[in-house]
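Peer 1: Sharing a structure here in structure tokens format.
The values are calculated or read from the model by the stated rules, or taken from the named source; none is laboratory data. Quantities reported herein were computed from a predicted structural model and do not represent experimental measurements. Cβ placement follows ideal geometry from the backbone for every residue including glycine, while neighbour counts extend to all protein chains displayed. Heavy atoms of the whole protein, side chains included, go into the accessibility calculation; ligands, DNA and RNA do not. Shrake-Rupley method; radii C 1.70, N 1.55, O 1.52, S 1.80 Å.
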Amino acid sequence: MYVDDRGDGEPLLLLHGGMGIGSDWRHVFPSDPTGYRMIVPDLRGHGRSTNPDRTFTFRQCAGDVLALLDHLGLARVKAIGMSMGAKTLLHMATRQPTRLDAMVLVSATPYFPPALRIAAAQFTRESFDRLSETERDALRHRHVHGDEQIRLLYDMTRSFATSDDDMAFTPPQLGTVTARTLIVHGDRDPYYPIEMAIELFRGIPQSALWIVPFGAHGPIFGTMAPPFAATALAHLSGRA
């Protein structure tokens, strides 16, 4: 598992989205926030991290990250996760609640709705092979272990279309989360309607909800990066 561990201070874990890599967070935090030790991994099978057993579930991914924290000797962290990263944090927060002091969940969901399942079903190995050479080269630049690694990521995404038990958080399960939680969701997310963010907000005891106007899936990049970074850091520090 590749991890960028840098800086000094309170540990801040950043978990990227599906098909992403840890360095994507540079688009949100061009420079590291003051006072934090940044823990930024490439998740299972992504980027520079391998996936020896060639399978992926969010439970596995959470186990990987908890093992990473153990390896680094970190009993408790603050964290931000986007999409896949947010789902991983949900598993961590319900599996070992004391490990997370505060977290920000961007484009999270308690389960997979029909819109996501339809989109995920399109990620076939053949669809990767039909990409232009330029598009495939862009993926190869991010995921460095060859085309088979990328095909496995397509398999991972396609598996969400039929997965029923990996993302299946009930209100009682969400109620076990002890981390102070900020839920960030775009009001035009094509995969997860805002009702799902409201379910998380109602289920997680110490939570706040930020619906981003005109926001799509992962509404934290571009012009939204500075306000998101400021709000997320304020939440993590307890100032908001």
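Peer 1: In segment 75-99, which residues are farther than 22 Å from P190 by Cα, open to solvent by 20 Å² or more (accessible area, probe 1.4 Å) and not charged (D, E, K, R)?
Peer 2: Initially, segment 75-99 is screened for residues farther than 22 Å from P190 by Cα, giving 75-79, 91-99.
Within this subset, residues satisfying the condition of being open to solvent by 20 Å² or more (accessible area, probe 1.4 Å) are 75-76, 94-99.
Listed by number, the residues that qualify are A75, T94, Q96, P97, T98.
Peer 1: It is to be established whether one or more residues within segment 115-127 are open to solvent by 40 Å² or more (accessible area, probe 1.4 Å), at pLDDT below 95 and among the basic types (K, R).
Peer 2: yes
Peer 1: Okay, moving on. Of all residues in segment 194-213, count the ones that are part of a loop (DSSP other than H, G, I, E, B) and open to solvent by 60 Å² or more (accessible area, probe 1.4 Å). It would help to see each step written out before you state the result.
Peer 2: In the first step, residues of segment 194-213 are kept if they are part of a loop (DSSP other than H, G, I, E, B); the result is 204-206, 213.
Now narrow it down to the ones that are open to solvent by 60 Å² or more (accessible area, probe 1.4 Å): 205-206, 213.
Here the count works out to 3.
Peer 1: Shifting gears a bit: Could you list, in sequence order, the residues of segment 164-192 that are farther than 20 Å from L100 by Cα and buried (at least 17 other Cβ atoms within 10 Å of the Cβ)? Full working, then the answer.
Peer 2: In the first step, residues of segment 164-192 are kept if they are farther than 20 Å from L100 by Cα; the result is 164-166, 168, 185-192.
Within segment 164-192, D166, H185, G186, D189, Y191, Y192 qualify.
One line per residue, one yes/no per condition, for (1) under 21 Å from A108 (Cα atoms); (2) out of contact with any Pro (no Cβ under 6 Å at 6 or more places or on another chain):
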site	(1), (2)
S132	no, yes
E135	no, yes
A138	no, yes
H141	no, yes
G146	no, yes
S159	yes, yes
T162	yes, yes
F169	yes, no
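Peer 1: Could you check how many residues of segment 33-86 are of a type in the set (D, E, K, R) and under 14 Å from the mean Cα position of the chain (by Cα)? Break it down stepwise before answering.
Peer 2: Restricting attention to segment 33-86, the residues satisfying the condition of being of a type in the set (D, E, K, R) are 37, 42, 44, 48, 53-54, 59, 64, 70, 76, 78.
Checking which are under 14 Å from the mean Cα position of the chain (by Cα) leaves us with 42, 44, 59, 64, 78.
Count: 5.
Peer 1: Next up: State whether the residues of segment 221-239 include one that is among the aliphatic types (A, V, I, L, M), open to solvent by less than 60 Å² (accessible area, probe 1.4 Å), at pLDDT 95 or above and not in a helix (DSSP H, G or I).
Peer 2: No: zero hits.
Peer 1: Tally time: how many residues in segment 38-96 are under 21 Å from G9 (Cα atoms), assigned to a loop (DSSP other than H, G, I, E, B) and without any contact (Cβ under 8 Å) to a residue 24 or more places away in the chain?
Peer 2: Total meeting the criteria: 1.
Peer 1: Still on this model: Which of the residues spanning segment 205-226 are of a type in the set (V, I, T) and free of Cβ contacts under 8 Å to residues at least 40 places away in the same chain? Don't jump to the end; show me each part of the working.
Peer 2: Applying the first criterion (of a type in the set (V, I, T)) to segment 205-226 yields 211-212, 220, 223.
Passing the criteria: I211, V212, T223.
Peer 1: Could I ask something else about it? Among all residue pairs at least 6 apart or on different chains, which show Cβ distances below 6 Å where the first residue, located in segment 227-240, is within 13 Å of V184 (Cβ to Cβ) and the second is open to solvent by 50 Å² or more (accessible area, probe 1.4 Å) and not charged (D, E, K, R)?
Peer 2: A234/A240
Peer 1: Now, a different point. Regarding segment 14-22, can at least one residue be identified that is more than 14 Å from G218 (Cα to Cα), at pLDDT 95 or above, open to solvent by 30 Å² or more (accessible area, probe 1.4 Å) and not small (G, A, S)?
Peer 2: So far as segment 14-22 goes, no, none of its residues is more than 14 Å from G218 (Cα to Cα), at pLDDT 95 or above, open to solvent by 30 Å² or more (accessible area, probe 1.4 Å) and not small (G, A, S).
Peer 1: Turning to a different aspect of this structure: Is it fair to say D189 is within 18 Å of L90 (Cβ to Cβ), assigned to a loop (DSSP other than H, G, I, E, B) and without any contact (Cβ under 8 Å) to a residue 40 or more places away in the chain?
Peer 2: Numbers: within 18 Å of L90 (Cβ to Cβ): yes; assigned to a loop (DSSP other than H, G, I, E, B): yes; without any contact (Cβ under 8 Å) to a residue 40 or more places away in the chain: no.
No; evaluated as a whole, the condition is false for this residue.
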